[in-house]
Amino acid sequence: MSYEYRALAAVALLLVGLGIFARTMLGRFGLLQIAKPETRWDLIQQRIDALIEVGIGQKKMFRDPSDPASGWLHALTFWGFMILGLRTTQLFVQAFVPEWPLPLIEDLYAPAKDFTVLIVLLAILGFFYRRLFVRPARINYSHEALLILGFIGGLMVTEFLYEGGHFGGIIAQGGPAAVAAEAHIAHAPIGSRLAHFFANTGLSPKGLQVMGEVNYWLHLAIVLTFMNLLPLSKHFHVITSLPNVFLSRLEPAGTLSWVPDIEKALEEEKPLGLSQASDMTWKQVLDLFTCTECGRCEVNCPAWSTNKPLNPKMIILDLRDHLYANQAQIVAEARKLSIGADGIAVSGAVSAAEKAEADNALPALIAAANPDAIWSCTTCRSCSEQCPVMIEHVDKIIDMRRHLTMTRNELPKELAKTLANLESKSNPWGMASGKRGDWAKGLNIPTVDENPDAEWLYYVGCAGSFDERAKKIAVATVQVLKAAGVSFAIFGKKEKCNGDLARRSGQEYLFQEQAKANIEMFNDAKVRRIITTCPHCFNTIKNEYPQLGGHYDVVHHSEFIAKLVEDGKLTFTAGEHQKIVFHDSCYMGRYNEVYEEPRQVLKAIPGVELVEMERSKKLGMCCGAGGARMWMEEKMGTRVNNLRVDQAMETQPQVIASSCPFCMTMLSDGVKAKDLAETVQTKDIAEIVAERLGSSPADSLTAGANIG
């Protein structure tokens, strides 16, 4: 083909391919455009770091030690595409400028390109083997995936055949052109060998060049076809994954989105939470575009692992498929109403009532999700932690809970009763608020009113105040603090619930009311430093109270005890050998990256042998209590806590340790359910420390009232 016709053919191919791609992308962009605004352009350096580490470095692909092959296959393919992007550009340019070399780097790039093509080709063969023979359970099997793999493999094969045929034909002709061709391809070790191989096969030079030309055009056609399939398939992540990682949330993982002007919204009976596509932020929509369907969220989900209807992957895919199926209607309705950031028509031509009527005419986004799945979530964040493209699953589930709870009043009956208790008595049990400090009677613990100059507020929480088992943890914590000479006080009967239960239930209004009351009380008492024993209290006060103006130095008791041990303020007596396995609380671990401190404490105690479950730290599994699940019946599948106890028992421990009163309840119940209570104990880290203190519990608890 003459170069003139070659250029015309390339122009035609590009116009068709890019035109179709632009049309598809405009539709997808329309969904982003009508979504709610969200700030994701701040903290640029941190975003660049995340992009390099998670996006380009593929860090999360290697999290699962049980399946390293898939991580390497994907990472090698991804890195290969990054390297070969330059080659693709070069081939398109060569349609207009024959034999166009890459300026300055041709000699260095050629060998890197050849070996990259070979590595990617081998990785694709590995993917084919996994899908056809290994067939991991977490993978969705479809012809689409095999087609995409075939396209990628086809790109690698046509690259080699193009170079081999094109340059092999020139070399076979001999003469000055052959010398120039050999010099041009000399730095491509595989391409050069293929060219010489084909040149010596006895095929005609013209036939070889035709073979090269055919593979050249096949390569370009596959590139454009592949590009057009991306936004129509799960492989859209090829385009969106790096932007999604760069734009991922950087605020603390334990911070849910803020709902402004909630009182006004309730008064005006505005729909709250996530119900329609227009209720989503553009970043939430981008999350849906980016799902790779890899299933890492699925296999790490405690609800899915115990046969609940929640599959975090399907939550994302169901919402995505709903958007795609109704894309034109959703975008058209939104643009017709000219929706602004508050969800109301900015033009003033359409009332809020008309907006609601238009929403009702659309298929409800929330209808794409199973309510039982929404309420099965423990908010453990294992899904988001394992997601290689930084999709946030929990925020969408909580937003749907907000709609079900505050707009539809559709929530589990037992949870509705618990929230009513919280509203009337500021604790989920509905116990008399005046009895909140009864656990401390006889322990000589000053209240904030009695010791306003105390350095630390010990925020006990609802569990430590009312739950009989958790009260023992509170007592042990006090014993440790006194033994170390810590200046602290409690609120006693004046203390209120932190509101975590309400927020994770979707009852945002009740959360804000509880939080505001606490912040006012903290500020009136000039509280600045807070110790908690409950990770839920810790996370909420530390990470979510700042949304309402409450800024405090909050430390969990496991962190605090670790610092006391490090500073030599606690001494331990020798004791019998104890084999202890530690269970990570989700709200301390994945939410707040506190993994090592409790382990450091246990390692410092003489006689303690610390062992680890296979699923620990970032891979640790939830006990089943988070996300308000503590207060809901577990009616479907097997119990999450029983599975977690099974995992702990694989280490053959004498003690299962934790640092959360909710985890303690779930683990203790699991041990009892399996008739293991005679042989295995469940203890909080504070209890283990208190048992081994250098002084007796009685001495510690009755030591003078003046702890300042």
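Where a number appears in this text, it was derived from the coordinates with a stated rule and is not lab data. Since the structure is predicted, the reported quantities are computational estimates derived from the model, not experimental observations. Glycine gets a Cβ as well: all are built from the backbone with ideal geometry, and neighbour counts include every protein chain shown.
Considering only beta bridges that DSSP places wholly inside the chain, some 10 percent are antiparallel. Based on Cα contacts under 8 Å between residues 6+ apart, the range 567-702 shows a relative contact order of 31 percent. Shape analysis of the chain based on the Cα gyration tensor places the equivalent ellipsoid semi-axes at 57, 32, 21 Å, largest first. If all Cα-Cα distances of the range 417-565 are sorted into 5 Å bins from 0 onward, what percent lands in each bin, rounded to whole numbers? Each 5 Å bin holds this share of Cα pairs: 2, 10, 20, 24, 22, 14, 6, 2, 0.
The slack between LEU132 and THR225, meaning 0.36 nm per residue of separation minus the straight C-alpha distance, is 31.1 nm.
Of THR378, THR407, the sequence from fewest to most neighbouring Cβ atoms within 10 angstrom is THR407, THR378.
When the charge dipole of the range 114-203 is built from unit charges on Cβ atoms (+1 for Lys and Arg, -1 for Asp and Glu) and taken about the Cα centre, the candidate among GLY168, PHE128, PHE115 whose Cα reaches farthest toward its positive end is PHE128.
Taken over the range 397-478, the alpha-carbon convex hull comes to 148 cubic angstrom per residue.
Working note: 222 nm ellipticity from helices only, DSSP H runs with n ≥ 4, each -39,500 (n - 2.57), summed and divided by the residues of the chain, gives -16500 deg cm²/dmol to the nearest 500. Taking Lys and Arg as +1 and Asp and Glu as -1, the other residues whose beta-carbon sits under 11 Å from that of THR477 total +1. Its convex hull of Cα atoms gives the range 484-577 a direction-averaged projected area, equal to a quarter of the hull surface, of 8.1 nm². Among PHE582, PHE197, PHE491, the order by Cβ neighbours within 10 angstrom, fewest to most, reads PHE197, PHE491, PHE582. In units of the compact-protein estimate 2.2 N^0.38 Å, the range 80-148 shows a Cα radius of gyration of 1.50.
The C-alpha atoms of the range 634-673 occupy a region whose extents along the principal axes are 30, 22, 14 Å, arranged from largest to smallest. Computed log10 I(q)/I(0) for the range 3-246 at 0.18 Å⁻¹: -1.46, from the Debye equation with unit scatterers placed on every C-alpha and solvent omitted. Once the gyration tensor of the Cα atoms in the range 40-118 is diagonalised, the equivalent ellipsoid follows with semi-axes of 30, 19, 10 Å, ordered largest first. By how many degrees, 0 to 90 and rounded to 10, does the Cα axis of helix 237-246 deviate from the longest principal axis of the chain? Roughly 40 degrees, rounded to the nearest 10.
Here the alpha carbons of the range 604-656 define both size measures, Rg and Dmax, at 13.6, 43 Å.
For the range 27-72, the fraction of C-alpha pairs more than 14 angstrom apart is 67%. How big is D for the range 567-702, in µm² s⁻¹ as a whole number, if Stokes-Einstein is applied with the Kirkwood radius of its Cα pairs at 10 °C and 1.306 mPa s? Answer from the Stokes-Einstein relation: 102 µm²/s. Here the calculated FRET efficiency for ALA69 and GLU450, from their Cβ-Cβ distance with R0 = 56 Å, stands at 0.35, rounded to the nearest 0.05.
The angle between the Cα long axis of helix 68-93 and the main principal axis of the chain comes to about 40°, on a 0 to 90 degree scale. At q = 0.09 Å⁻¹ the log10 of I(q)/I(0) for the range 76-201 amounts to -0.31, computed by Debye summation with a single uniform scatterer per C-alpha, solvent ignored. The long axis of helix 352-361 is offset from the longest Cα principal axis of the chain by roughly 60 degrees.
Principal semi-axes of the equivalent ellipsoid, √(5λ) from the alpha carbon gyration tensor of the range 201-257, are 46, 12, 7 Å from largest down. All Cα-Cα separations within the range 1-142 were binned at 5 Å from zero, giving a P(r) of 2, 7, 10, 11, 13, 17, 17, 13, 7, 2, 0, each value a whole percent of the pairs.
On full extension, the segment bounded by LYS526 and LYS618 gains 29.5 nm, given 0.36 nm per residue less the C-alpha separation.
In this structure, the pairs whose alpha-carbon distance is over 29 Å, taken from LYS283/LYS542; LYS396/LYS472; LYS413/LYS618; LYS234/LYS542; LYS472/LYS494; LYS441/LYS526, are LYS396/LYS472; LYS413/LYS618; LYS234/LYS542.
With neighbours defined as other Cβ atoms within 10 Å of a residue's Cβ, the residues MET630, MET636 order from fewest to most as MET636, MET630. Estimated from the Cβ-Cβ distance and a Förster radius of 45 angstrom, the FRET efficiency linking THR679 and LEU232 is about 0.20. Relative contact order of the chain: 13 percent, from C-alpha pairs under 8 Å at least 6 residues apart in sequence.
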